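The values are calculated or read from the model by the stated rules, or taken from the named source; none is laboratory data. Everything quoted here is computed from the prediction, not taken from an experiment. Every residue, glycine as well, gets a Cβ built from its backbone with ideal geometry; the counts of neighbours run over all protein chains shown. Ligands, DNA and RNA are stripped out before the accessible areas are found, and what is left, the full protein with its side chains, is counted by its heavy atoms. Shrake-Rupley method; radii C 1.70, N 1.55, O 1.52, S 1.80 Å.
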There are 2 protein chains.
Amino acid sequence: MRAKTILLLACAALLAACNSVPRISPEAELTSPDGTMKMTFGMDHKGTPYYWLECDGKDVLRPSRLGFEMRGAVKATEITYDGAQPGKEDAQPPFSLSEDFDITGFETDSFDETWEPVWGEESQIRNHYNELLVHLSKDGGDRLLDIRFRLFDDGLGFRYEFPAGQKESYLCIKEELTEFAMADDAVCWWIPGDYDTQEYEYTECRISEIGQHFRDKMRGNSSQTLFSHSGIQTSVQMHMQGGLWVNIHEAALVDFPCMHLDADCSNFTFRAWLTPDAQGYKGNVQTPAVSPWRTVQVARSAEEQLASRLVLNLNEPCAIEDVSWIHPVKYMGVWWEMIAGASSWNYTDDFQSVKLGVTDYSATKPNGRHGANNQKVRDYIDFAAANGFDAVLVEGWNIGWEDWANCDKDYVFDFLTPYPDFDIEALNNYAHSKGIRLVMHHETSSSPRNYERHLEAAYSLMNRYGYDAVKSGYVGDILPQGMYHYNQWMVNHYLYCITEAARHHIMVNAHEAVRPTGLCRTWPNLIGNESAMGTEYQVFGGITPGHTAILPFTRLNGGPMDYTPGIFEPNLKEWCGNDSWVNSTICGQLALYVTMYSPLQMAADTPEHYSRFPDAFQFIKDVAVDWQESRYLLADPMHYLVIARKAKDDGQWFCGGVTDGEKRTFSIPLNFLEEGRFEATVYTDAPDAHFRNNPQAYNINKVEVSAADSIEVTMAPGGGFAISFKAL
Amino acid sequence: MRAKTILLLACAALLAACNSVPRISPEAELTSPDGTMKMTFGMDHKGTPYYWLECDGKDVLRPSRLGFEMRGAVKATEITYDGAQPGKEDAQPPFSLSEDFDITGFETDSFDETWEPVWGEESQIRNHYNELLVHLSKDGGDRLLDIRFRLFDDGLGFRYEFPAGQKESYLCIKEELTEFAMADDAVCWWIPGDYDTQEYEYTECRISEIGQHFRDKMRGNSSQTLFSHSGIQTSVQMHMQGGLWVNIHEAALVDFPCMHLDADCSNFTFRAWLTPDAQGYKGNVQTPAVSPWRTVQVARSAEEQLASRLVLNLNEPCAIEDVSWIHPVKYMGVWWEMIAGASSWNYTDDFQSVKLGVTDYSATKPNGRHGANNQKVRDYIDFAAANGFDAVLVEGWNIGWEDWANCDKDYVFDFLTPYPDFDIEALNNYAHSKGIRLVMHHETSSSPRNYERHLEAAYSLMNRYGYDAVKSGYVGDILPQGMYHYNQWMVNHYLYCITEAARHHIMVNAHEAVRPTGLCRTWPNLIGNESAMGTEYQVFGGITPGHTAILPFTRLNGGPMDYTPGIFEPNLKEWCGNDSWVNSTICGQLALYVTMYSPLQMAADTPEHYSRFPDAFQFIKDVAVDWQESRYLLADPMHYLVIARKAKDDGQWFCGGVTDGEKRTFSIPLNFLEEGRFEATVYTDAPDAHFRNNPQAYNINKVEVSAADSIEVTMAPGGGFAISFKAL
């Protein structure tokens, strides 16, 4: 499988000089297995490493700097007599891991495997690349840095490796200097860089315009730390003027700060911007260590970009030996009515604040609106069981919700003690008797220490009562203050929870945690994340149509999202007094079960609302949640998206499409179907449907089709469509 | 027991105006049970609360401000276009809890109880005080603050109480404004204020001279964060020009930052200086909440100060129901030879750095100097058992020591896995067969998260093998960076470990943890702390004689210290090549078992060294570690100290004395003895003994004495004496 197929150029003179940056000498070249991608590694006269990238002979990245600025060794502050603030000073000056390097060697490799994910958009994934490992040395070998490049047919991944054997075993990163110098002023789809939230709407503009559009989609969040007026998050999708589609993200974010990008708008150049610790330093590594992979996916079409599995391929293989307990989940939940305001997480309104172990809930007056009560949970279980669901999430089951958010309160929850009206044993028994599992809920209130203190007991409680999945949350500022949601300390925490959960055979769906980077390949019990603006924002003022037409390019590039689709009643005011409006048609909601891939799919609305539209609800009941194959039929980021998928278990095809605020008509060729005749059940917006003034108008037609046919669908503004196929 | 005995003055006019600060009106007065102490509470015209204190009609504290500056409510940073750093801004301006107050009420109480500590310097402690609770309100009741004063015959304690029912349930402290305005330019004994270490030598100077002496005893530490050139630590001992002895400290430090003091040298006024979080804020409270007690002990002599139990009395009663498993411990340890350099904590020198779970110790080459090896531990067990000890500490038993300190490394230890040459099961079995317990060692390397992640498993391991005590350590900078050893987050951590240990029936001796504040009353499984410069500094360049003559006034005011005395071989160079010298005579070391009270006493030197001086070692074998009664016979801080104590179990008396660099002769009246005749075994420095050039010269005399007698002892420079009494 492995062969040395890469052209190595030890002598710079052998290559034509790079025109745009003449002082950078190409030193080695790497081509992708099919020869369409070419990455060049070079050095300038100062010993600074660079790389650049071409696809089909077109420039993707101009020479882009590599390396780090490192912190010097630290000493305690000398006492000063001028009232200086306390702190630690660097005893040694910072040093560069980005200049004065000599190349001490190259290694090449190639790799081709096909692996089978535990769950995913397809049952088999090919991982095929050529590799170049560059060894760099400076200061007579005191400082070492390796850079490992993997070039796939769909893009480039590279990571830094901090080898053992250098002067210091422990290094502190002051700044990552990695650049992504785009070859032209590409259109990009991005959200503002933030150390604490990913919950923004996307902006579509050219790189050169990021600065002027920075405030366009600004929105408050319970924890929010912007760092630059040109800072953006990954994964960022781009469409180059030269026609190529490019996406920058990272893969395998393990024990390292999450990477943002700061844009030099005039040069179309992004620079890595790591999330800092409380002192402003970026990360600590112990050699030998590796950074996450920095990824540059390249595609010839938007549809091709959606099919790229480069991020997953750069993650390590599955680390869990027995995966029999990991399974896709279609679930309902006592949640939407709380988010919307019809019921509450908290049990009582009697207290301005509560203290666990002090507040006596048994003696207090219930507020009468507590969602997680025995009767309501039983009703949800009944409905979920009757409609073939796997599970029911219940939020607000445990004591502490009376003052849980953003209070700088360490001990908010114990994750163990139910409210008086939630009989944990009886409800789990009842659920199990109906073939339903309850989904646990652990809101940490961003107090990770408190969560870790209770983790073993909390997971053990889940094991005792038969929960096998947990939704966790990190709302509000991280405690202790000064920490951020995406710095190394917290990245370490999220993975700790996933690995501890795996020991307990528990699947994790973490909200407000760091954006996924393909770690679900290694830890497939990470079946979901939020890490973007999800359906809940429909009750926080609404989401602009088109949002779900960009997420598969960006947020979903690293792993599935618990988007919580399926809202059938967009008029919140009518049933719960909320002033917001769900900006989607019913068919637009149905489409999401196909377009927003996740092994964990929620039908987020209430049983009552579904009961009013049983024919449309049928699609949610029918649609699969795990896939053999996926076809990305039509895509324009933030505008529209049509995807077809084949169920892993029985091979049944489903198709879905969403649009932005524009009405769109497409003719969908059905050439993905196998031979034979199929009954297609087509759920489309009614001709006069509209997300704002006629969202519940839809038609359901059954037609007989074959692979040679096309189906014409029209999506209303803010709408979509869904089709299920049944072999005849 | 309770009676309202306090004179309350609702009308300021009833009292003579306070001369020195005429605009402060006295509002209420509190006297101690015996009437010798008088505390006055007053307000100025701005509604700022003050208190002042007199003893025997002499001013102790002039009017001193009370209250806090609070942080306003917080919002996320608005994005700025000028490159401003990220962070959180205060949405609301800071507000004062120190002005514009109205007094809304006074409550008074008195209390008298005698309680029995699980272990201590005496078997019964009287807790007798009069109390004044002041209710303050501002902004129409939106802001409330209560101040509770307890006046004892030996001083004042007061704490702030943040009542429920005010506008905000969660408050963030920006600054504590509490003042201690000394009535004159007292001599004080102090160490520099530092957020990360308490390991300094003391300076003796007037308050007005603190600034100019600030660097006198400066010394590096593995973690050190000074904050002001006039900042000092508590407990600080003072001797006023008016003759009174005054000590400022705090009691019951629970879920609050540790208090330092910043001196206004020209006004002889100390102001509270709390240890901050990573953002510079001081602490967070959820109402109802209380601060620790601020304590002002007052005595008419240095000896009386040593007898004060005010700090213990201000702590809550014992929280552990069954204390049968808590017991005093006299122990030896595989430790001094490592500190001195004769053997090592680490097992191998093969690696520049190690990774737990990656480094294969079984395949590595031992360095041949590893202290915690099976044979050596057995030798220590044999020696300890033969000489009547209870326990043997073994440091360096667990993997990870090759690169443990100050590496910004999170996962340094697992607290579970022994080195290949330490058979944990066999060694514990062997120890138990000889009546010895091993003492566990948990160096956390200041990575509290890693420690907490392993705490349950680590304590369970101790239970499994029969360990009932752990020495823990916090060397190096706290992780995550930005945290400090003494801020609220870490104070919470230390107590968490103590309470978790109590669940496991484990006694804790925490080194480098926050200085004790009497919490051992509530949690008597906290049998020791370091929290000051201990014997280890004798191998780090030596300790100035006199250090142990100040510690009982200051460091020991809050609880016992694991000082690790008993060094018989001061010449380190000879046996382990260390250039340092132990600045003490053998008799000076023996004295510490009496003068440095601790329920946990180590004989820190090696079996070999003790074997060379069996007659002197006899005192260490004989001396008790728990007491019925203690008598403070002679004391001059940093100069000399003579204490007699009566063993709790058999009533046997012991006496010990230490001196500084001066030779001193005292005649010790034996009037503490009961009726009858006693054989006194007197261990004294030889006439020509000297800590530097003749430290091992001593005489042992047996004399028959009675309570009517005196014994004359001469202490060599850096020396001391010890006497054991046996009833005839």
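Some values worked out for this structure:
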| quantity | calculated |
| --- | --- |
| Given (1) within 30 Å of B:A91 (Cα to Cα); (2) within 14 Å of another protein chain (Cβ to nearest Cβ), number of the condition A:C265 does not satisfy | (1) |
| Inter-residue pairs, beta-carbon under 7 Å, first more than 9 Å from chain B (Cβ to nearest Cβ) and in segment A:279-298, second in a loop (DSSP other than H, G, I, E, B) and among the charged types (D, E, K, R), 6+ apart | A:Q297/A:D154; A:V298/A:D154 |
| Those residues of segment A:150-178 which are away from chain B (no Cβ under 14 Å) and buried (at least 22 other Cβ atoms within 10 Å of the Cβ), in sequence order | A:R150, A:L151, A:F152, A:D154, A:G155, A:L156, A:G157, A:F158, A:Y160, A:E176, A:T178 |
| Segments classed as helices (runs of 4 or more DSSP H), wholly inside segment B:270-371, with at least 3 members that are open to solvent by 10 Å² or more (accessible area, probe 1.4 Å) | B:302-307 |
| Hey, A:E69 within 14 Å of chain B (Cβ to nearest Cβ) and either modelled with pLDDT of 95 or more or assigned to a strand (DSSP E or B) (or both) or not | no |
| Search result, residues across segment A:210-249 that are modelled with pLDDT of 95 or more, of a type in the set (A, V, I, L, M) and not in a loop (DSSP other than H, G, I, E, B) | A:I210, A:I232, A:V236, A:M238, A:V246, A:I248 |
| Residue count, segment A:567-623 (criterion: assigned to a helix (DSSP H, G or I) and closer than 20 Å to A:C655 by Cα) | 19 |
| Odd one out for B:Q488 among (1) under 20 Å from B:E530 (Cβ atoms); (2) buried (at least 24 other Cβ atoms within 10 Å of the Cβ); (3) in contact (Cβ under 8 Å) with a residue 60 or more places away in the chain; (4) touching a strand residue (DSSP E or B) at 6+ places or on another chain (Cβ under 8 Å) | (1) |
| Matching option when the condition is surrounded by 23 or more Cβ atoms within 10 Å (Cβ to Cβ) and among the acidic types (D, E), among A:D605, A:D636 | A:D605 |
| From the options B:I326, B:I339, residue that is more than 14 Å from chain A (Cβ to nearest Cβ), closer than 28 Å to B:F540 by Cα, among the β-branched types (V, I, T) and touching a residue at least 12 places away in the same chain (Cβ under 8 Å) | B:I339 |
| Contacts under 6 angstrom Cβ, first residue in segment A:191-209 being touching a residue at least 12 places away in the same chain (Cβ under 8 Å), partner charged (D, E, K, R) and open to solvent by 10 Å² or more (accessible area, probe 1.4 Å), 6 or more apart | A:Q198/A:R515; A:Y200/A:K217; A:E201/A:K217; A:T203/A:D216; A:T203/A:K217; A:R206/A:D185; A:I207/A:D185; A:S208/A:D185 |
| Subset of segment B:199-213 that is within 14 Å of chain A (Cβ to nearest Cβ) and closer than 22 Å to B:Q538 by Cα - its residue that is nearest to the chain's Cα centre (by Cα) | B:E199 |
| Count - residues of segment B:256-267 that are more than 23 Å from B:I478 (Cβ to Cβ) and either among the charged types (D, E, K, R) or surrounded by 24 or more Cβ atoms within 10 Å (Cβ to Cβ) (or both) | 2 |
| Hey, A:A84 at pLDDT below 95, in contact with a Lys or Arg (Cβ under 6 Å, 6 or more places away or on another chain), under 30 Å from B:S222 (Cα atoms) and within 14 Å of chain B (Cβ to nearest Cβ) or not | no |
| Odd one out for A:A181 among (1) crowded, with 18+ Cβ neighbours inside 10 Å; (2) touching a residue at least 60 places away in the same chain (Cβ under 8 Å); (3) outside any strand (DSSP E or B); (4) more than 12 Å from every other protein chain (Cβ to nearest Cβ) | (3) |
| Selection within segment A:610-622 - in contact with a strand residue (DSSP E or B) (Cβ under 9 Å, 6 or more places away or on another chain) and surrounded by fewer than 20 Cβ atoms within 10 Å (Cβ to Cβ) | A:F613, A:D615, A:Q618, A:K621, A:D622 |
| Lone qualifier among B:Y474, B:Y496, B:Y419 - being of a type in the set (F, W, Y) and within 21 Å of B:M602 (Cβ to Cβ) | B:Y474 |
| Residue, most open to solvent (accessible area, probe 1.4 Å), within segment A:372-406, restricted to residues that are within 14 Å of another protein chain (Cβ to nearest Cβ) and in contact with a Gly (Cβ under 8 Å, 6 or more places away or on another chain) | A:N406 |
| Segments classed as strands (runs of 3 or more DSSP E), wholly inside segment A:422-518, with at least 3 members that are closer than 24 Å to B:Y411 by Cα and not aromatic (F, W, Y) | none |
| Residues of segment B:204-233 satisfying the condition of being closer than 24 Å to B:T535 by Cα, hydroxyl-bearing (S, T, Y) and open to solvent by 10 Å² or more (accessible area, probe 1.4 Å) | B:S222 |
| Residue satisfying condition, being within 12 Å of another protein chain (Cβ to nearest Cβ) and of a type in the set (S, T, Y), within set B:Y451, B:Y465, B:Y459 | B:Y451 |
| In segment B:552-564, the residues that are touching a strand residue (DSSP E or B) at 6+ places or on another chain (Cβ under 7 Å) and at negative phi | B:P552, B:F553, B:T554, B:R555, B:N557, B:G558, B:P560, B:M561, B:D562 |
| Checklist (1) under 26 Å from A:K167 (Cβ atoms); (2) in a loop (DSSP other than H, G, I, E, B); (3) open to solvent by less than 10 Å² (accessible area, probe 1.4 Å) applied to A:L253, failing item | (1) |
| Selection count, segment A:499-558, where residues are open to solvent by 10 Å² or more (accessible area, probe 1.4 Å) and farther than 25 Å from A:M332 by Cβ | 12 |
| From the options B:A727, B:A689, residue that is among the small types (G, A, S), surrounded by 15 or more Cβ atoms within 10 Å (Cβ to Cβ) and in contact (Cβ under 8 Å) with a residue 12 or more places away in the chain | B:A689 |
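Listed here are the residues, each with its yes/no results for (1) of a type in the set (K, R); (2) more than 12 Å from the chain's Cα centre (by Cα); (3) at pLDDT below 95.
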{"position": "B:G476", "(1), (2), (3)": "no, yes, yes"}
{"position": "B:G482", "(1), (2), (3)": "no, yes, yes"}
{"position": "B:W489", "(1), (2), (3)": "no, yes, no"}
{"position": "B:R503", "(1), (2), (3)": "yes, yes, no"}
{"position": "B:V508", "(1), (2), (3)": "no, yes, no"}
{"position": "B:E512", "(1), (2), (3)": "no, no, no"}
{"position": "B:P516", "(1), (2), (3)": "no, no, no"}
{"position": "B:R555", "(1), (2), (3)": "yes, no, no"}
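Condition check ((1) under 19 Å from the mean Cα position of the chain (by Cα); (2) farther than 24 Å from B:G482 by Cβ; (3) not β-branched (V, I, T)) across all residues:
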position: B:D216; (1), (2), (3): no, yes, yes
position: B:Q233; (1), (2), (3): yes, no, yes
position: B:L244; (1), (2), (3): no, yes, yes
position: B:A251; (1), (2), (3): yes, yes, yes
position: B:D255; (1), (2), (3): yes, no, yes
